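The structure appears right after this line, and notes come after that.
The values are calculated or read from the model by the stated rules, or taken from the named source; none is laboratory data. Keep in mind it's a predicted model, so treat the numbers as computed, not measured. Neighbour counts run over all protein chains shown; Cβ positions are idealised from the backbone, glycine included.
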Amino acid sequence: MAVKSILMLCLVFLLTTHPVEAAPSTPAGHITGVGGVFFKAKNPKTLAAWYRDVLGLPVEAWGGAALHYDAPKHPPVVAWNAFPASTDYFAPSTSSFMINYAVDDMDAMLARLHAKGVNVLKRDDSDPNGRFAWILDPEGNKIELWEPKR
């Protein structure tokens, strides 16, 4: 629970602060955002098809997806956080990562998951930062779904 609180505080901070133009004296050579998320899969084509068909990820012919920051209802920032190796926040997955996907409508997403036979591990509609649900993909990677508070 403490880990979730820390993550939520990070998200609240990111959502409530506004980006400030870098001062002209800021030296070049710093991170400006997330350029991509890449991970290994036992069967990349099958997994990509599952993300397309079940979660609605717009997978393109080259096998990946281009997600735009300026998509309607998309949060204005991407959270980045390194968790302790001992965290159980990613459980029951044994993967060393978890991806949080922002969704436009949690009720519609949960209905979609139910129709596709996907088990929802947990959901939380009471978080001050929005609504959350957790699932596993076919390779056992935990996915956090988040509908930001509006």
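Residues satisfying the criterion are absent from region 69-84 (criterion: among the basic types (K, R), under 16 Å from W146 (Cβ atoms) and surrounded by 15 or more Cβ atoms within 10 Å (Cβ to Cβ)). Per the listing P72, P138, the residue uniquely over 17 Å from G36 (Cα atoms) and in contact with a Ser or Thr (Cβ under 8 Å, 6 or more places away or on another chain) is P138.
Residues that are part of a loop (DSSP other than H, G, I, E, B) and in contact (Cβ under 8 Å) with a residue 40 or more places away in the chain were ranked within region 120-148; the one that is surrounded by the fewest Cβ atoms within 10 Å (Cβ to Cβ) is P128. Exactly one residue among A111, A79, A85 is aliphatic (A, V, I, L, M), without any contact (Cβ under 8 Å) to a residue 12 or more places away in the chain and farther than 23 Å from D53 by Cβ, and that residue is A85. Considering region 75-99, and only residues there that are in contact with a strand residue (DSSP E or B) (Cβ under 8 Å, 6 or more places away or on another chain), part of a loop (DSSP other than H, G, I, E, B) and not small (G, A, S), the residue that is nearest to T32 (Cα to Cα) turns out to be P75.
Look at region 32-61: where a residue is surrounded by fewer than 10 Cβ atoms within 10 Å (Cβ to Cβ) and a partner is hydroxyl-bearing (S, T, Y) and at pLDDT below 95, sitting 6+ places away or on another chain with Cβ atoms under 9 Å, you get G33/Y69. K116 - would you say it is within 20 Å of V54 (Cβ to Cβ), free of Cβ contacts under 8 Å to residues at least 60 places away in the same chain, loosely packed, with under 12 Cβ neighbours inside 10 Å and not aliphatic (A, V, I, L, M)? So K116 fails the test.
Does K4 fit the bill of being in a helix (DSSP H, G or I) and either charged (D, E, K, R) or modelled with pLDDT under 95 (or both)? Before you say what the answer is, go through the steps one by one.
Values: in a helix (DSSP H, G or I): yes; either charged (D, E, K, R) or modelled with pLDDT under 95 (or both): yes.
When the stated conditions are applied, K4 passes them.
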